[in-house]
Amino acid sequence: MKRSLALTSLLLSVGLITTSAQSAEDVAADCVTGLNEIGMISVNGIAGSVQDVEKVIALKADEHGASYYRIVKMQENQLAEGWRVQAIIYA
């Protein structure tokens, strides 16, 4: 028991395990084989940079219980402020 607690503490301190939930990760098209597609999400009017858009998509994917997402369309709307994005989500 004492050894198990010490090992867990060591792994936590070096970041090999975590106690918090991880957000969904972007995945390349050639890496989706074997993943379970669970849906598609669309978001419009996201202000900010491409990185801001990716953060919003990751949060939306998390809300839907996804572990991974793949952005299939990202378009900056010049007339209306913000980005228009579609992503496939995977379990």
Meets criteria (at pLDDT below 95 and outside any loop (DSSP other than H, G, I, E, B)) for Arg3 | yes
Considering region 6-28, residues that are surrounded by 10 or more Cβ atoms within 10 Å (Cβ to Cβ) and within 18 Å of Ile88 (Cα to Cα), and then whichever is modelled with the lowest pLDDT, we arrive at Ser23
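Before we move on, is Gly48 surrounded by fewer than 18 Cβ atoms within 10 Å (Cβ to Cβ), over 19 Å from Val27 (Cα atoms) and without any contact (Cβ under 8 Å) to a residue 60 or more places away in the chain? Full working, then the answer.
Details: surrounded by fewer than 18 Cβ atoms within 10 Å (Cβ to Cβ): yes; over 19 Å from Val27 (Cα atoms): yes; without any contact (Cβ under 8 Å) to a residue 60 or more places away in the chain: yes.
Criteria met by Gly48.
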Taking Glu76, is it over 16 Å from Ala24 (Cα atoms), charged (D, E, K, R) and surrounded by fewer than 16 Cβ atoms within 10 Å (Cβ to Cβ)?
-> yes
Contact list, first residue from region 77-88 and farther than 12 Å from Ser49 by Cα, second anywhere and among the aromatic types (Phe, Trp, Tyr), beta-carbon distance below 6 Å, six or more apart or interchain, is Ala87/Tyr69
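The values are calculated or read from the model by the stated rules, or taken from the named source; none is laboratory data. Nothing here was measured: the structure is a model prediction, and the numbers come from that model. Using ideal geometry, Cβ is built from the backbone for each residue, glycine included, and neighbour counts are taken over all protein chains shown.
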